[in-house]
Structure formats: C-alpha cells, structure tokens
Amino acid sequence: MIMELEELKTLWSDYDKKLDKSLQLNIKLLRQVNFDKVYGKVKTLIIYKTLEMLILIFMLIYLIKFAINNFPAPGLTGCALISAVFMIAAVISDIRQMAILVQLRSDYSAPVSALQKQVEKLKLLIVNYVKWSLISIPCYPVFLVVAAKIFLNSDLWSPRHFNYLLINLIIGIVLLPGFTYLYRQLNKPVVENRWVKNLLTGSGWNQAASAQTFLDEIEKFEKGE
Amino acid sequence: MNTQQNKEQFIDIISRNKKLIYKVCNSYCRDAADRQDLVQEVIIRLWQAFDKYDERYKLSTWMYRIALNTAISHYRSGKRRNEATIPLTEHLIDIADDNLETELDERVKQLYTFINQLDELNRALMILYLDDNSYREIAEVLGITETNVATRIGRVKQNLKQQFAKI
C-alpha cells in the first residue's frame, strides 16, 4: 500500500473535523486557575542565578579587598587573586546564562529553530559550569589559605602551619591528573570507559552530549541538509 | 499586567484554537496523562506571553511557535510530570467522545505512527504542513527559508512512500 502526502492531508483534515465535534475546552476550569502564580522553570532559574551572582559578586569584592589588605604577604594575596579568577569565571558564566534565560523568559514565541538553539546552548553552559567546578577542586588549598585567614585569622604560610599546607598542596597535586582526565572525558562526544561514563552521568555529561547532538541537528535543519 | 478582560479574550482565543494545541500536544505525547500536563504547560506559556503578543503577526503563527517550542522542550526533557504545571483534577482540553480514538481509521493511526517516527523538528514541519499552512507560514514558524521547507517536504514525501511501501 502506498500512501501519498496529499492523501495524508485529507486524513488529517477528516481527523480535524472529528476533533471539531468532540474536543471540549473546560472554560470554567480555565477561569478558576490563576496561571500568574505558576513559576516556570525559567523564572525559578532566573531567581536562583540572580542570587548566585549576587553572592559571587560580594565574594569577589571581598577577595579583592582581602588581596589589597594583605598586599605585603604575597602568599595570601596570590591565593586571594587565584580565588578571584575562579569567581570571575563563574560570574561570566552566570551572566551568559542569565542573558539566555531572560531571552527565553521574554520571548517563547521566537521561531522554533532559534529558540530551541538557545535552550540547548543554555544546557551546554550549565554543564560547562560543572566542568569548571571540577577544575577548581584540586586547587582547594588556595581557597583553604584564604578561608583560614578570614575565618580563623590563621596564616597557613607561617612556619607553624606550613606542614599542614604542604600536605594539602600535595593532595591537590595528586588529585590534579584525575580531575584533568575527567575534564577531558567531559569534552568528548562518546565516553567508552563504562566506569567513567557512570561517574559522569550525574555531572551533566548526558545532557551536554544530547544538547550538542540536537544543536547539530538544528544547524543541519536550518541549512536544509 | 493581565486583567480579567484580557483573560476573557485569552479564553476566547484558546477556545477557537483548541484543536491547534491538542494536535501539537498529541503529536509529541501519546501518553494521555503526560499530554494533559503538556496541554496545561502550553496554555500557561501562551498566557504568560499573551501581554506581549504583537497583533501585526498572525495569531496562529504566534500560537504554533509557543506550542511547538513548549512541546519540543517537554519532549526533550523526557519528564512525565512538569514543574511548570499545577495539579488539576479535571482536564483543560478533553475529548468528550471517548470512542474517538478507537473509532479512528486504521490509516489515521498509521499517520500518527509515521509522525511519531520523525525527529522533533521534522515532526513540527509535518504538523504545520498537514494543518494546511503555506510554505511561507511554515518557514516563519520554524525560522527557516521557504526553499528549505519545500526541500524538506519533498524528503518527507519520499520517506513516506518508502514507509508505506513496506506495509
């Protein structure tokens, strides 16, 4: 049996007529429900990201002030500045995410290919954020030095605490190859190692791979390939 | 801000275009409970965008874009229960005659099977084409060129012939 597209159109039209008769809209319910109160995922993410950005900016200002105040001590200033670099990267990522979120919030009536592209780009940005967090884990001794000074007024660079700092620096260096390997795996479209695959599933690798595939499909769709 | 008068106007628009919403949702969700969530989510999205609707553009273009964007995102998230919905005991859009689905011509069922085999974007193209939209309107909704629409429809035709030839 061969069915032509025009024949399908006729079938669809018949179905349309049947729906005309049987499809009902619950107007009473539609009047009762207050849809203004519904917080969509986008609005929730905007609120969350705004809060996150405010906290990060506050921390960034505090770190810069900390670096200036401890300028004579290069160890403390250096650690504060390295921490500030991570904060700046996080703020930049947040700004880029916010720009897409605001766009999605204000115009869900954009053409399908354009809007879907934005949605997938947002997913990729969120996963990249996770990737940057992975990089920062082996650098934890840097944050430790700053935190110890701020909360305990203790200088880990002083001879009294230097052994403690050294142990943490060694742990950080030991962790580095492992996290670099994981970071590289997150960039690959296909992860072959089952153990690594299971580990990365929770960190957004699946969403990133799926988002990238769909982005490629949209590009091809737009080009008519 | 949305007023009561706006809401009445909105309900009128939804009432006149309920088939559009239902057909889009039905093409991306075959599960009845999931479809009801999607219908509700589409209506919420339409309501939230209603204030910004620009009357220079065709209402159906605006509705198709929002309905398709919501349906594709919902489909891709793969979730049954959506966060952007509120628990409702009754359905917003429903088929009064429960026998409609069972009464459907075997070939209409095949048509749905065929639509469901298409990827998210080609499915949107097919819905728009079957709903008798012009190539220009399809291009406007999807954000691609008219030539591209024509090429893709041609490919779908070929694909369709191959699909049904196997049956």
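Every number in this text was worked out from the coordinates using simple rules, so none of it is lab data. Just so it is clear, the model here is predicted, and its values are computed rather than measured. Every residue, glycine as well, gets a Cβ built from its backbone with ideal geometry; the counts of neighbours run over all protein chains shown.
Normalised by residue number, the volume inside the convex hull of the Cα atoms of chain B is 131 Å³ per residue.
Taking all Cα pairs closer than 8 Å and separated by 6 or more residues, the relative contact order of chain B comes to 24 percent. Mean partner shielding of peptide B:139-147, defined as the number of other chain Cβ atoms within 10 Å of each residue Cβ, is 4.
Please give the per residue volume of the convex hull enclosing the alpha carbon atoms of segment A:27-175, rounded to a whole number of Å³. Walk me through the intermediate numbers first.
Details: hull volume 22.0 nm³, N = 149.
With only Cα atoms used, segment A:27-175 gives 148 Å³ per residue.
Using unit Cβ charges (K, R positive; D, E negative) and no other charged atoms, how large, in debye to the nearest 20, is the dipole of the protein assembly as shown about its Cα centre?
Working: 50 positive and 43 negative charges, 233 e Å.
Using only the charged Cβ atoms, the result is roughly 1120 debye.
Estimated purely from DSSP H runs of n ≥ 4, each contributing -39500 (n - 2.57), the mean residue ellipticity at 222 nm for chain B is -22500 deg cm²/dmol once divided by its residues. Couplings 3J(HN,Hα) for segment B:108-118, derived from phi with the Karplus relation 6.51 cos²θ - 1.76 cosθ + 1.60 (θ = phi - 60°), are 5, 5, 5, 4, 5, 4, 5, 4, 5, 7, 6 Hz, where x marks Gly and Pro.
Mean per-residue shielding of peptide B:45-57 is 3, counting Cβ atoms of other chains within 10 Å of each Cβ. Between A:Leu51 and A:Leu166, full extension at 0.36 nm per residue minus the direct alpha carbon distance yields a gain of 37.9 nm.
Peptide A:102-111 has a mean of 5 when you count, residue by residue, the C-beta atoms of other protein chains within 10 Å of its C-beta.
Once every DSSP H run of n ≥ 4 in chain A is given -39500 (n - 2.57) and the sum is divided by its residues, what mean residue ellipticity at 222 nm do you get, rounded to the nearest 500 deg cm²/dmol? List each step's numbers first, then the result.
Numbers: 9 runs with 177 residues, N = 225.
Using -39500 (n - 2.57) per qualifying helix, the result is -27000 deg cm²/dmol.
Under a 5 Å amide H cut-off, with hydrogens placed 1.01 Å from N, A:Leu23 pairs with B:Ala96 among residues at least 5 apart or on other chains. If you average the C-alpha positions of segment B:15-84 and of segment A:46-82 separately, how far apart do those two centres end up, in angstrom? So the two Cα centres are separated by 44 Å.
For A:Ala147 and A:Lys121, what does the FRET efficiency come to when R0 = 45 Å and r is the distance between their Cβ atoms, rounded to the nearest 0.05? Working shown, then result.
Numbers: r = 34 Å, r/R0 = 0.76.
Plugging the Cβ-Cβ distance into 1/(1 + (r/R0)^6) gives 0.85.
Of all lysines in the structure, those lying under 17 Å Cα to Cα from B:Lys161, and not within fewer than 8 positions of it along the same chain, are A:Lys9, B:Lys109.
For chain A, complete DSSP H runs whose alpha carbons reach 15 Å or more along their own long axis and whose mean Kyte-Doolittle score is 0.0 or higher are A:41-69, A:74-106, A:112-136, A:140-152, A:162-187.
Can you give the relative contact order of segment A:1-110 as a percent, counting alpha carbon pairs under 8 Å and 6+ residues apart? Present the calculation step by step, with values, prior to reporting the outcome.
On the way: 41 pairs, mean separation 30.2, N = 110.
It rounds to 27 percent for segment A:1-110.
Only Cα pairs under 8 Å and 6+ residues apart enter the sum, and on that basis the relative contact order of chain A stands at 19 percent. For chain B, the longest principal axis of the C-alpha atoms and the axis of helix B:120-130 are separated by about 90°.
Projected onto their three principal axes, the Cα atoms of segment B:1-94 cover extents of 34, 26, 21 Å, largest first.
Given 4 °C and 1.567 mPa s, how large is the Stokes-Einstein diffusion coefficient of the protein assembly as shown in µm²/s, with Rh as the Kirkwood radius over Cα pairs? Result for D is 53 µm²/s. Lysine pair count for segment A:41-223 with Cα-Cα distance under 17 Å and sequence separation of 8 or more or different chains is 17.
Computed about its Cα centre, the charge dipole of chain B is approximately 700 debye, with only Lys, Arg, Asp and Glu carrying charge at their Cβ.
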